[in-house]
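Asks: Encoded as structure tokens, here's the structure I'll be asking about.
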Amino acid sequence: MKQCFAYIRVSTAKQGEGVSLEAQREAIDAFASRNHLSVVRWFEERETAAKRGRPVFNEVVRLLRRRKADGLIVHKIDRSARNFADWAKIGDLADAGVSIHFASESLDFTSRGGRLAADVQAVVAADYIRNLREESIKGLNGRLKQGLYPFRAPIGYLDNGRGKPKTLDPERAPLVKRAFELYATSSHSLRSLLAELNRQGLTGRNGRALTMNGLMTLLNNPFYTGVIHIKRTGRSYNGIHERLITPELFERVQEIKSGKSGPKVTRHNHTYQGVFRCAHCDGPMVPELQKGRVYYRCKTVPCMTRTIREDQLEIAIETRLTGLQLARRDLLRFRRKVDAWQNETKHEPDQRSLQLRRAKLAERIDRLIDAHIDGRIGSEDFSARRRSLAMEEEALDQEEREMRDLVAEAAKLRTLAELASSIVSSHRLANGPERRQLLEIVAPKWRVAGRNVELEPYDWLLDLKAEAGVPSGDPDRSIRRILASVPEGLLRKVRHEYTNQDRVRSMPLGRGQV
């Protein structure tokens with residue numbers, strides 16, 4: 001009695017949990033009994049046959065080449081191979097004298113006709129899997145173009161089934177957002193950030209502690225900004241899922257990771273880490289802890305700048321901030337200008353009038369539909385009137401959008417004015433990461449020249465200070481200039497902790513203000 005190996009395979013884990021394996025076993029046992037064959041060892045594979053390099057199949061081939069058995073029994077041809085490379089291995093085994101049997105197909109693999117019939121079926125199976133792959137890719141691309149992510153949700157999101165967007169995980173999403181925010185402060189290395197996130201309880205999809213590889217994958221994934229990026233093809237799609245972080249925050253994290261934003265702190269969370277550069281050589285001012293004091297040192301060897309103590313640096317910073325700070329009387333004058341500008345610019349009628357007009361328009365649409373249903377007007381007349389009403393509806397939508405934009409722009413100006421009027425006190429009350437962020441809001445570059453601090457403030461601050469100090473002028477032109485000079489995403493850095501004024505503490509930046 002010939003001794004044979006039996007090879008069974010399922011394409012998915014779902015099949016593996018069902019009856020497919022048992023059905024294959026029963027068919028092979030029956031075939032072996034009828035043909036007086038003995039199954040000396042079973043081999044089970046749970047991988048797709050479309051891919052090469054299946055480990056169990058390769059083990060079977062290796063053992064048969066060493067003649068550990070006389071033959072091989074497979075349930076069907078498509079269970080053995082659906083790609084030509086694996087089918088060629090089976091042909092080589094047959095040529096080497098190994099008996100090949102298919103339990104559910106009456107093929108004589110030793111004859112020319114039977115071998116030809118088996119080759120044809122193998123070709124058909126390969127074509128089937130190729131077509132199945134192409135159709136699957138078409139389906140995936142269709143989902144991606146719809147803004148849907150057809151793969152497993154990243155950490156911070158939940159799967160909701162096929163054809164539905166991912167939704168935020170109420171437990172992990174806040175921690176993922178916190179991970180980006182912490183790293184964006186430049187106060188953490190990847191290692192210290194991982195330790196902090198594990199302390200706060202962020203876990204991977206398997207419920208275990210987040211790993212370094214998992215953290216790197218998380219920080220590199222633009223999915224959290226609402227963008228779906230497919231690494232294999234290099235293509236990106238606009239997702240319809242709710243974004244977790246802003247694109248500006250994501251870009252900030254990428255800059256820090258690539259080393260474009262100065263070094264990260266690994267042992268000491270120094271206050272002005274990564275903020276200052278040398279005014280002479282443009283090298284980074286590196287903080288060092290010496291005998292209980294923090295010094296900032298330019299390490300470029302031939303540079304004339306040496307060190308400055310952190311307390312001396314704080315005095316120089318506050319001196320420069322004092323010169324930029326908006327006086328109280330100028331703040332009140334600027335507020336009045338913003339109020340006047342908003343009242344003059346806003347479109348008439350006001351919000352309540354817009355609501356009344358929208359309600360009347362809805363009534364007209366309802367009456368038109370009822371008249372069409374009752375047969376009082378024909379289809380052509382109905383279509384023409386409906387198009388006219390649709391144009392009126394779009395005009396109302398445009399007025400409402402402009403009114404919302406105006407309110408948001410006025411809120412921006414008030415928030416920036418509040419910050420400009422309390423820069424010094426904000427700096428004194430802020431902690432290390434908040435101080436760094438405040439300096440980034442005031443100026444893009446800060447430099448140390450001896451014991452002095454040099455900077456070029458953002459235009460928005462200079463324009464606002466100039467406009468607030470002028471009693472009259474063209475408010476629309478000057479205010480529009482200020483709005484145009486505010487850097488992209490700057491307001492998202494503003495936090496109410498920067499000031500000790502209660503009115504500002506009660507003004508967190510919401511969607512309408514940003």
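Asks: Exceeding 21 Å between C-alpha atoms, which entries from my cross-link table qualify? They are Lys2/Lys68; Lys89/Lys138; Lys412/Lys445; Lys145/Lys257; Lys445/Lys465. Could the numbers behind the result be given before it?
Replies: Numbers: Lys2/Lys68 12 Å; Lys89/Lys138 31 Å; Lys412/Lys445 23 Å; Lys145/Lys257 30 Å; Lys445/Lys465 19 Å.
Listed pairs above 21 Å: Lys89/Lys138; Lys412/Lys445; Lys145/Lys257.
Asks: On to the next question. Which angle between 0 and 90 degrees, to the nearest 10, do you get for helix 55-65 versus the longest principal axis of the chain when only C-alpha atoms count?
Replies: 30
Asks: Helix 432-442 versus the longest principal axis of the chain: what angle, 0 to 90°, nearest 10, using Cα atoms?
Replies: 70
Asks: Among (1) 124, 100, 41; (2) 106, 90, 35; (3) 99, 53, 47, only one was calculated for this model; which label is it, if the read-out is Cα extents along the principal axes in Å?
Replies: (2)
Asks: A further question follows. Could you work out how far helix 310-324 tilts from the main Cα principal axis of the chain, as a 0 to 90 degree angle to the nearest 10?
Replies: The two axes meet at around 60 degrees.
Asks: Tally Lys/Arg at +1 and Asp/Glu at -1 over every other residue whose Cβ is under 14 Å from the Cβ of His372; what's the total? Don't skip to the end; give the middle numbers.
Replies: Numbers: positive: Arg364, Arg367, Arg376, Arg385, Arg386, Arg387; negative: Asp366, Asp370, Asp374, Glu380, Asp381.
Every neighbour counted, the sum reads +1.
Any read-out appearing in this document is the output of simple, stated calculations on the displayed coordinates, not a laboratory observation. All of these numbers come straight from a predicted model, not from anything done at the bench. With ideal geometry, Cβ positions are generated from the backbone for all residues, glycine too; neighbour counts draw on all protein chains shown.
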